[in-house]
Every structure is written in structure tokens, then in C-alpha cells.
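See below for the structure under consideration.
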Amino acid sequence: MHSLRTVVPRLSLLLCLPVVACGDSSGNVTDSGPGTTAGPTSTATEPTGPGPTTAGPTTDSPPTSTTTLGTDTATGTETSPDTVGTETSPGTDSTDGTVTDTSATQTNTGTDTGDGVLDINPKDVTLEIIDGAIVTQPYTATYNGVDVTGDVAWSYNKPEIGEIQLNAEFVPTGTLGGIGTLKATYQAAQAETSVSVKIIKKLDPGGLEPGWGNPVGPDPSMTIVYPYNETVFPLKVAAPVVQWNNVQNGDQYKLHISEQFYDYTIYFTTNTPARHLIDAAEWIAISESGQGAQSDPINFELQRKSGNNVYESVKQTWRMAQARLPGRVYYWELPGDCGGNANGRVLSIKPQEAQANEFFQPGFCWGCHTVSRDGRTVAAVADNGNIPFPTFTIDVSQEPGVYGNIQPNPGLGGTFSAFNHDGTKLLQSNDPIDAINSVLRVIDAMNGSILNANVLQPGCGEPAWSPDGLKIAATCGYEDAGWTFDANQANLVVADVNPDGITVSNQKVIVPKGGEAGRPAYPNFSPGNEWIVFGRPTQGSRSTGSGKLFLVGTEGNDLVTLEKASSDNKSFNPTFAPLRAGGYFWVVFMSRRDYGNTLVGANRQQLWITAINDPPNAGGDPSNPPFYVRGQEDCALSENAYFAPDPCIEEPNKVCESGIDCCSGHCIQMGEIKVCGEKGPCSEAGNACESDADCCEPGTPCVDGYCQQIFPQ
């Protein structure tokens, strides 16, 4: 929240209005009329107007998902259950589907124990599930040519795709496509082969397909404006609202999404502005049927029929990283054009839920927040009539949140801060409204006492603390420019934290202000401590001017512009997600770019997320086109996003997905579910570790403190 003008402090809504710290960075004065600060939990809405279409069934049981997609008030209700859903098949008549035996490229392997060889037949089968009609496949096993099918122990490693039953018949779930390994064990012998399932689905609720016909040529005008071509998505992110321009009311459309094991087509019609919200269950199925962001891209095609003319498809390529993005984004919101509430507040949003959450209502304007590494504590400052703005903490492990160890105290104040690795300390800028005298202090997060009153030197602010607690970063060298975020001069500085945890050494400038436009602003460390992402705004560190995003090594090495992520030149305040996922770093940032045809020319900052290649490609731009975080109030201003894990689960035996969900760091398989528990002899994939040697599975490295499965690319 870097939106204050240089003013003499006064007892007013300094924090919430564009005249003060942490205020509206757009510089627009908000209405200070009757507020609704203590109102009910906010539910963000999608664009008003005609809204995207949602043609097609929405009652199919979706595949494994532990998220709730929330309510999109402009387009309908989306839900995703907490358990694996099994779609009831219309029947098992094999004439409704296709069985393909690709025995020419058999992958069956048999183990010769010296006594004999076990063999599975058929081999390398692909089952096609067409419009929900389940096709099954019986198997046989022979040992030295003798049928032992009934005596074999069978297993299939992808239960979300299908299961092998006791009678040796493979039955797909019908919800997800993909490829898995069927294994047979008999005595000491083993054999295995691949079993693939491809889902083919066509929806035509309006009966539009019969009059479609052949294309007359390329579409003369239609352009897709969201998502962007080559966008990389994580698993379980809320389905995108596809948006396109230069079409007519009443035009008909054929939307086709295909990848190796999922093929989805829907026919529909819509008016302008033309939008279509991809069905939530279909989006999850498409996402989780993918085999790799690079090797199995999502081919998107949108074809239009206008009048009697059918045009060729307009095409894009999307990529699906094969891992979920854990955590949530805490962001500061000003009402903007929403009206009714002049007070700024901090909200949280999960990228997969498309719904914002007002998790704490203190009764006054508040912001300038940060979050502890375990996701259990938020630190912020209050605009309650005191200068500097009083610091306080919130325990967000409870719902709604409650005051933490530090309550608003006029004797302890500042603006931006950062937690250390274990959440026991805060590095905070005291921000005395003359940037040249701004200092960074270390505060005891347990009681609010000041442990070090000046960590670097005067003229420093915008602090960051590395996830391992061993380094800090800040911007330093401000001129006398009022608030720190009005200072146009600053360098990006890094220092080592000494063993005492409160002093530093080896301070050095890793990115000077230099002769480029703008200055470094709001650094943030990668989850593995090796990179820093930062913005370079042209108006202090506000989001009112131009701005690009950058990545640099913590030693000042490999500085690169994240051009694809910030191509709009209106991007600011990047923050890493708490973990890498699916072979990528993930960065949330705010941008004033247009959002498709929903926000056009509004110049209103909103939250976007970009995937950063891991490792960043040497000498090139490692970023990818970003996607919009659904669920924000698009009439409001979204500021200062901070990505953090969900509050970890303290209680054992609670359901979890991976180690980051549990305070113990370990999510243990218990029958058909996973629950929080303690580490065994080694760490399973997704669980906490200190080195590669801690991880059970060979080839599963310890990355960002967790045993990371090597995801297909």
C-alpha cells in the first residue's frame, strides 16, 4: 500500500485515502461518506452485463478436488466436492466407445524369476469414453503360458482414472483421462503394461451442430482477448472466462479444447461483450487429465458462425503445470468505484475459489500487511487516528481472525514489514514521513518490543526477509521526499542476517537505481532463497506510473526483465508463492492492464499471477503470460498482494493434500485418504525435508523444504 501523497500528518483516514501511507495508489480520492467497515464477509462478483455463457451440464461429479470454486454471480454457481466423485455411466456397452490395442508398441514387462515369466494381455490399451459411455477392459495373466488370472494380485497406480477389479476387469471412472500402469504380481513374478483412458465429450444444448457446415475461410475480425496465448496455469485454479471481440450479437460458436487424453467440444450462442465461462467440472477434468505443460499442451479453438458463414477457428495454446498452487493471496483493497465503503481493508483469496474473503473486521481502515511463513499470522497497521500507524497482528488460524500477540498501540507504528523464517520477528519500516530518515527495525512478534532500532541505516524501507531467515532485502538511499513511496531514488540492497537474528552484515547494493526509468521497489525472496523479484515503478514505488517486473539473483547476478509477465508496463509489487509447483515458480502482482473485455480502459489495478520457469532460462525472459485472479471486486482497487500458505493444521489425523497443509510438515497416507501426521523413517513426496537424503523416493529432491515430485513437463 504505497499510495500516500506527501502531506503533513493529521488525524484523518490517512491510511485509507490517497493522501496517506498505504492509501489508494491510483491517486484517486475515495468517498469518505458512511462506511461499512464492519460489514459481512465480502463475496466478490464477476462482471455485470450479459456475462459469459455457461451452456452445458453442471451436475456431473467432478474428479478429485479439495477446493470450493465459489459463486460467480454473473455466470452461475460453481462447486467442487471435497471427495473423489464417480460419474455414473449410461452403460457399459462397448459399442458406445472405442478400445484401442496398441500392441505394436507394447510396454509390457515380465520378470523372469528363474521359474517362469508372467505376462499380461492385452497390452497398452487406450479406452475411449465417448459422451459418458463407460467402456471396460478385461485382462488375463499367464505364467509360462498357463492362465493364472484369478490368482494374480492386480493394481493400477492412477485410481482417479480407473481401477482394476477383482475379476481382472479395468473400469474407468469416466471423469479423468490419462495414462497409468497396470501391474500384476504372481508369486515372485511381476508384469506390467500401460492402460490409457481418453475422454471425448460433445455438448450441444441448443442443437446448433447440424447447421454448422464447412468454413468459408479465416475469421475476418474475431480476436480472443483473454486468456493470453501460451498462458501457463496451475492445477485447480478457477476456470477462466474466455473473452473475445469484434463479433455480432447472436453469433454461434463451437469451442473445442483438446489434449492427449481429453477432448471437449461445446456449441453455444452469446451476445456481446462475448464471454464464456468454462464449466468448472470440465476445467478440472481437462486440467488433471494433462500429462505435462510442455509435452501435452491444451489446444484451444474457438470457431464462429455469423449469419450463414462459418469461419475457421481462432486458435491458442495453453499450458497446464501438473501441480496445485498451495496457499492464498492476502491483498489490500480500496473501494474504487464500488461505493459505500471509504475504508481500506485486507482480503484473502484462493486462486481456485473465485471468491474473496474478509477474514478480519477491526472497525477501522487497515493495511500495509505481511504474513508469516506458516500462514498463521498477519501483521498490519491501523489508521485509527494515530501517527505513525499502529502495528498489530492477527491470528488467521481461526475463522474469522482474531487479534494476535500485538494489538494496535500508539507507541509501536510504521508501515511495511516482513516476518522472519519462523514468525517470531518482524522487520518493519518506521516510515516517519521523511524518507531520508526512515529506518528498519526488528520487532519481537511475540510482544511488540523493539529488538534492534536501526538494522541498516537511515533512508531504508520496503523490507523483505528470506524464507530461511538468513538474508534481508530492502530499498535504501532515499532522498528527502516525504513518504518512502514518493522517493524516486533508491537502490536494492541485500544483507546477511547474523546468528543473533537481529543484526546484519555484508550489506551490498545488488541493483542500483542507475540510469533506467524508475527505481527498484518492494523486493521479495523466492521460496528457495536464491532469487529476488521486484518492481521498477516510475513514480516512487506507487502503482500510478509505469512499471515493469524484474528477477535477480541474491548476489546481484542474472538480472532479467520479466517482459512477458509485465508487457503492459503497468505492473507492480510482485510476490512469490510459498512453494514452486509443477516445475515453475509462481508470482502474484498487480497490474492496471485491461482484463479482456471486462475491464477496458479502467486503468484499475487488479491481481494477476505469472509462472516463472524453474530454473529461469539463462539470458532470457523466464516469465509467461499471466492469468487473472478471479473473485476480486473488479470495481475496486487491488493493492499489495502477499502470497502465503494456508494456516497449517495443528491437529493430527486431519485431512490434507500435502505436507505444507500440516504444521508437522507431513501428510500421511491413511487408507484412501491422507491425514496430518508425523514423519516416518523418511519423508514421502510432498512432505517436509532438509536434504535430498530425507526423501523416500529416489529422484525426489528436497526443494523449498519439501520432497518434490518431478512433474512431467
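The values are calculated or read from the model by the stated rules, or taken from the named source; none is laboratory data. Bear in mind that the values here come from a model prediction, so they are computed numbers and not experimental data. A quick note on method: Cβ atoms are made from the backbone with ideal geometry, for glycine too, and the neighbour counts reach across all protein chains shown. The accessibility values were calculated without ligands, DNA or RNA, using every heavy atom of the protein model including side chains. Shrake-Rupley method; radii C 1.70, N 1.55, O 1.52, S 1.80 Å.
3J(HN,Hα) along the range 172-184: x, 6, x, 9, 10, x, x, 10, x, 10, 8, 10, 10 Hz, from the Karplus curve 6.51 cos²θ - 1.76 cosθ + 1.60 with θ = phi - 60°, whole Hz, x for Gly and Pro. Calculated accessible area for the range 583-713 comes out at 39 Å² per residue, all protein chains present (probe 1.4 Å; ligands, DNA, RNA ignored).
Which of the three applies to the range 536-592, rounded, prolate or oblate, going by the alpha-carbon gyration tensor with a ≥ b ≥ c and a/c under 1.5 meaning rounded? The partial results should precede the final answer.
Details: a/c = 2.02, a/b = 1.47, b/c = 1.38.
Taking the square roots of the gyration eigenvalues as a ≥ b ≥ c, the range 536-592 is prolate.
Where nothing but the Cβ of Lys and Arg (+1) and of Asp and Glu (-1) is charged, how large is the charge dipole of the range 501-657 around its Cα centre, in debye to the nearest 20?
On the way: 14 positive and 16 negative charges, 123 e Å.
The calculated dipole for the range 501-657 is roughly 600 debye.
Residue 446 sits with roughly 100 Å² accessible to a 1.4 Å probe, with DNA, RNA and ligands left out of the calculation.
Residues of the range 155-237: accessible area per residue at 1.4 Å, in Å²?
On the way: 3480 Å² over 83 residues.
For the range 155-237, the per-residue accessible area is 42 Å².
To the nearest 10 Å², what's residue 663's accessible area with a 1.4 Å probe? Here the accessible area works out near 60 Å².
When the Cα centres of the range 444-479 and the range 185-252 are compared, how far apart do they sit, in Å? Their Cα centres are 48 Å away from one another.
Would you please name the chymotrypsin sites (Phe, Trp or Tyr not before Pro) within the range 152-242 that are DSSP coil residues with at most 15 other C-beta atoms within 10 Å of their C-beta? Walk me through the intermediate numbers first.
Values: sites: 154, 156, 170, 186, 212, 228; in loops: 212, 228.
Those that pass, being in a loop and sparsely packed, are 212.
Projecting the Cα atoms of 378, 336, 280 onto the charge dipole of the range 238-392, computed from C-beta unit charges around the Cα centre, puts 378 farthest toward the positive end. Take 320-327, 650-657 and order them by the average number of nearby Cβ atoms within 10 Å per residue, most first; the result is 320-327, 650-657.
Once you have a ≥ b ≥ c as the square roots of the Cα gyration tensor eigenvalues for the range 240-285, tell me rounded if a/c is under 1.5, and otherwise prolate or oblate according to whether a/b is larger than b/c. Taking the square roots of the gyration eigenvalues as a ≥ b ≥ c, the range 240-285 is prolate.
Couplings 3J(HN,Hα) for the range 660-665, derived from phi with the Karplus relation 6.51 cos²θ - 1.76 cosθ + 1.60 (θ = phi - 60°), are 5, 6, 10, 5, 6, x Hz, where x marks Gly and Pro. Label-to-label distance for residue 508 and residue 294 is 3.1 nm, based on points extended 7 Å past Cα in the beta-carbon direction. Can you tell me how the range 605-713 classifies by the Cα gyration tensor, rounded, prolate or oblate, using a/c under 1.5 as the rounded cut? It comes out oblate by the Cα gyration axes.
The separation of the range 271-298 from the range 547-596, counted between C-alpha centres, amounts to 24 Å.
Extending 7 Å from Cα along the Cβ direction at residue 165 and again at residue 144 yields two label points whose distance is 3.3 nm. The fraction of accessible area contributed by carbon and sulfur in the range 156-224 is 50 percent, rounded to a whole number (1.4 Å probe; ligands and nucleic acids excluded). Nonpolar atom fraction for the range 413-556, defined as the carbon and sulfur part of the 1.4 Å probe accessible area, stands at 50 percent. Using only side-chain charges placed at the Cβ, +1 for Lys and Arg and -1 for Asp and Glu, the dipole size of the range 242-307 relative to its Cα centre rounds to 400 debye. The residue among 551, 531, 541 whose Cα reaches farthest toward the positive pole of the charge dipole of the range 507-559, with charges on the beta-carbon of Lys, Arg, Asp and Glu, is 541. A simple spin-label model places pseudo-atoms 7 Å from Cα toward Cβ; at residue 479 and residue 312 they are separated by 5.5 nm. Using θ = phi - 60° in the Karplus curve 6.51 cos²θ - 1.76 cosθ + 1.60, the 3J(HN,Hα) couplings for the range 210-225 round to x, x, 6, x, 8, x, 8, x, x, 5, x, 9, 5, 10, 7, 10 Hz; x is entered for Gly and Pro. Annotation: amide H-H contacts under 5 Å for residue 353 (H modelled 1.01 Å from N, sequence separation of 5 or more, or interchain): 238.
What FRET efficiency would be calculated for the residue pair residue 558, residue 249, taking the C-beta separation as r and a Förster radius of 45 Å, to the nearest 0.05? Don't skip to the end; give the middle numbers.
On the way: r = 50 Å, r/R0 = 1.12.
Step by step, r from the Cβ atoms, then E = 0.35.
Only Lys, Arg, Asp and Glu count, each charged at its Cβ (+1, +1, -1, -1), so figure out the dipole size of the range 640-713 about its Cα centre, rounded to 20 debye. Present the calculation step by step, with values, prior to reporting the outcome.
Numbers: 3 positive and 13 negative charges, 13 e Å.
My answer is approximately 60 debye.
Put the Cα centre of the range 499-515 next to the Cα centre of the range 361-376 and the gap is 26 Å. Put one equal scatterer on each alpha carbon of the range 131-173, apply the Debye formula with no solvent term, and list log10 I(q)/I(0) at q = 0.14, 0.19, 0.30, 0.31 1/Å to two decimals. The Debye formula, applied to the Cα set alone, gives -0.36, -0.60, -1.06, -1.10.
Can you tell me which of 664-672, 143-151 comes out highest on packing, and rank the rest after it, using the mean Cβ neighbours within 10 Å? Provide the component values of the computation, followed by the final result.
Values: 664-672: 16.3, 143-151: 13.1.
Highest mean packing first, the order is 664-672, 143-151.
In the assembled protein chains, residue 193 presents an accessible area of approximately 0 Å² (probe radius 1.4 Å).
Using R0 = 30 Å, the C-beta based FRET efficiency linking residue 155 and residue 713 works out to 0.70.
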